[in-house]
Amino acid sequence: MNYLKTILLVSLIPVVMAPLSAQNEKMRGTWSGMNHWTSTPLNLDGVISENDPKGVDLDNLVRDVVESNSNTYFYQMIGRDKHWNLFPDFLTRLYQADPTIRVFAMPTTEVWKYNPNFDLFGRVQDVADMAPNHPNLAGVCFDDFSPAYFGANKQHYSESELVRMREALDGSGRPLELLITAYYQERFLLDKSVLDRFKYGSGYSFDGVVFPVFYTPEECENGDTHEMCKFRGPEKPDVIPGQLDRIREGLLPGTPIYTLIYATGYPICFDWDGTNCRIVCATSTPQSMSDGVDYAMNLSDGAIVYRLHTEYMGPPRWGCQSAYHAEKKPLIPQVLRKYDTQDIQLLNNGETWLNATADVDKFIDFQMNVPSGADNLRIEVIDGNGDPDVYVKFGEPPTTLSYDAKSTVYGLDEVLNITNPPAGKAYFMVYGKTKFFAKEVKITYEIPSWRGELGNGMTDYVSGTKGQSIRFWTPDIPAGATNLRFTMSGGSGDADLYVKYGAAASTASFDYKSTNGSNNDSVTIASPNAGKYFFTVNGHSNFSGAVLNVSWDESGDGSNNHGWGSELTNGQTVSLFGPNFMRFEFYVNVPAGATNLVFTTGDGSGDVDLFVWHDIHTSIEYRSQGSGNAENITIPSPIAGKYQVVVNCQGPFGTNLRVFWH
């Protein structure tokens, strides 16, 4: 998503957003995009102000929240007034940039370590008081609530204190939510007797639970008794379903559960000697983070990705040397995008997106509805600079980890072609390997239809729509033939010509092509191979009335020698049958004075077409191309001489061909 494109003016009458559960929408959350308490600047892309290391850069924070494709953001504060004082300004700026993103104020439960005089209830009351002026303010979320409830600061998170905070939020005049964060390993979520202490009315004093999935190192998985191992547990994405089932057993029905996926490395100190220890980084890989979001979105009430875009707990501050920050930072908007497709740009067949640009690790995405029977789905990134990559997936947006096809060649000109694509929605992501600019991004597909065989000297007339492909083939070209010519001319619009030996020709697969800016196209093969050639007329735009001709020289002297089939006599009937794309050729000698020359097919199955022309012509004079087996051509006053008769089949068929005249 382009941040600049999302800027919207605040309405004079702001629209208050209902809870996600009331909107039947799942949470796509990002959690704390900055380290409010750090005492030294970190490399956070401008989020931490170099001039005031304890401050934040709201412009960069708002930009990154909008570009994260989240619908919910958790603004964390440790207790310093600097960050609290910036909160109302942050709410206003974010609402101006994207009024659909909800925000939770998130005071940490360890706030008293940093500010012993912090007034937690006062902060909750402040949230209730500012709610009427900030329609995107969703409520309060307590970080690490369960350890705080059982810890030294329990008095601030007791059952009665939570009710007090609940009532303060209810007094705001509009719905505000109260969320708590609780870990699976602790007895809080898994002990119904503890949960029952928080019953309030028909539910709890809290509105929902944030359930963190923490990634632990191999030391924990191998049975280490370290305190962090006991506290967090050896969790991976594939344990999420079972853990969610157990949590639901104790919670009241309908209580929302939001699954928090850690996108960072968390340090665990092993072998402490009183002064030093060995730091081991508990981290998720990019793939496990992506899988975790999928589990969370499909099995719970939403996903929250921990530590949006920061290098928190990464080197050098925490010694987590393998937290995959560079890979996961751009992946977060991609995985959340999979669950928010309504505003992805829709392109129609052949439509071009002009002047596409994205920064490094950013992306532009498109979607297209691919009809049944389409072929050669193709995306082209054309002319410009930089290095974009292209990813395609059917049914849902792709990511750099999850896709059905990709093109990642170095440089700008990316071309990706997919034969026989499935019908339905196709999603395309043009991803900035480096910052790039492309004059055009173009997506096309073909709608192929088989028209039939054209023999030496035969002509057909073609019309079609943009993107339509009309396919033909030749009979076997004899050995020694020369100057195989495919020509098209006349009519209106712009059709192109593609030729291939031995297999169907398409815009993506051809041996020769002619793509002039009109219907005037030609291909000449001086020394063709013996055998069949396939050729396709493709609509670069709508086209009509183009004349298509095929010819070749057989005798070596530049002459056209037509090959006639078997002779039919007056009143004769022949039975024809065969597989796909068969061609049968006959001729009749019509005497002078004959009338009502009639050619018919019928009494069979499948789809056949019937073509007739006199020997003095080099193109088809009469045709009958119905949708079934019965075809009829009647010539009331035939010219004496030889008539060529051709029967083409469009699939397995059987039919009777009859000719007669008076």
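The values are calculated or read from the model by the stated rules, or taken from the named source; none is laboratory data. Note that the structure is predicted; figures quoted are calculated from it, not measured. Methodologically, a virtual Cβ is constructed for each residue, glycine included, from the backbone with ideal geometry; neighbour enumeration extends over all protein chains shown. SASA here: full protein model, heavy atoms, side chains in, ligands and nucleic acids out. Shrake-Rupley method; radii C 1.70, N 1.55, O 1.52, S 1.80 Å.
According to the Kirkwood relation over distinct C-alpha pairs, the hydrodynamic radius of the stretch 598-662 is 12.2 Å. Rg then Dmax, both in Å and based on the Cα atoms of the stretch 440-551: 13.2, 45.
Computed over all pairs of different Cα atoms, the Kirkwood value for the hydrodynamic radius of the stretch 318-432 is 15.0 Å.
Estimated from the Cβ-Cβ distance and a Förster radius of 60 angstrom, the FRET efficiency linking F577 and S527 is about 0.95. Charged neighbours of Y643, selected by a Cβ distance under 12 Å, balance to -3 (K, R count +1; D, E count -1). Placing a label point 7 Å from the Cα of D603 along the Cα-to-Cβ direction, the residues of the stretch 613-648 whose backbone N falls under 16 Å from that point are 629-632. Near P448: Cβ cut-off under 11 Å, other residues only, Lys/Arg at +1 and Asp/Glu at -1. The net charge is 0. When peptides 534-540, 291-297 are sorted by average Cβ neighbour count within 10 Å, with the highest value leading, the order is 534-540, 291-297. Of the residues G395, S407, F436, the one whose Cα sits farthest toward the positive end of the charge dipole of the stretch 379-450, with +1 on the Cβ of Lys and Arg and -1 on the Cβ of Asp and Glu, is G395.
Taking Y183, Y403 and ordering them by how much accessible surface each has at a 1.4 Å probe, largest first, produces Y403, Y183.
Within the set of other residues whose C-beta is less than 12 Å from the C-beta of K439, count the net charge using Lys and Arg as +1 and Asp and Glu as -1.
Taking every Cβ under 12 Å from that of K439, the sum is -3.
Pairs from the table (K393/K442; K26/K435; K425/K466; K406/K513; K154/K199; K328/K362) lying more than 22 angstrom apart at Cα are K26/K435; K406/K513. Note on R28: accessible area is roughly 20 Å² with a 1.4 Å probe, heavy atoms of protein only. The simple spin-label model puts a point 7 Å past each Cα toward its Cβ; for E567 and N542 those points are separated by 4.9 nm.
Can you list the residues of the stretch 466-481 with backbone N under 18 Å from a point 7 Å past the Cα of E351, pointing along Cα to Cβ? Counting only backbone N, you get 466-468. Our estimate of slack between E159 and H614, defined as 0.36 nm per intervening residue step minus the Cα-Cα distance, is 154.0 nm.
Once the Cβ-Cβ distance of D245 and M130 is raised to the sixth power relative to R0 = 41 Å, the FRET efficiency obtained is 0.60. Rounded to the nearest 0.05, the FRET efficiency derived from the C-beta distance between S514 and L299 at R0 = 35 Å is 0.05.
Counted residue by residue at 0.36 nm each, then reduced by the alpha carbon distance between them, the extension gain from R197 to L401 reaches 69.1 nm.
Take 643-649, 380-386, 547-553, 137-143 and order them by the average number of nearby Cβ atoms within 10 Å per residue, most first; the result is 137-143, 643-649, 547-553, 380-386.
Could you give the length gained on full extension between S449 and V409, defined as 0.36 nm per residue of separation minus the Cα-Cα distance, in nm?
Values: separation 40, 0.36 × 40 = 14.40 nm, distance 3.26 nm.
My answer for the length gained is 11.1 nm.
Quick check: with the 1.4 Å probe, what order do T400, T181 take by accessible area, largest first?
From most accessible down to least: T400, T181.
Dividing the convex hull volume of the alpha carbon atoms of the stretch 409-491 by its residue count gives 206 Å³ per residue.
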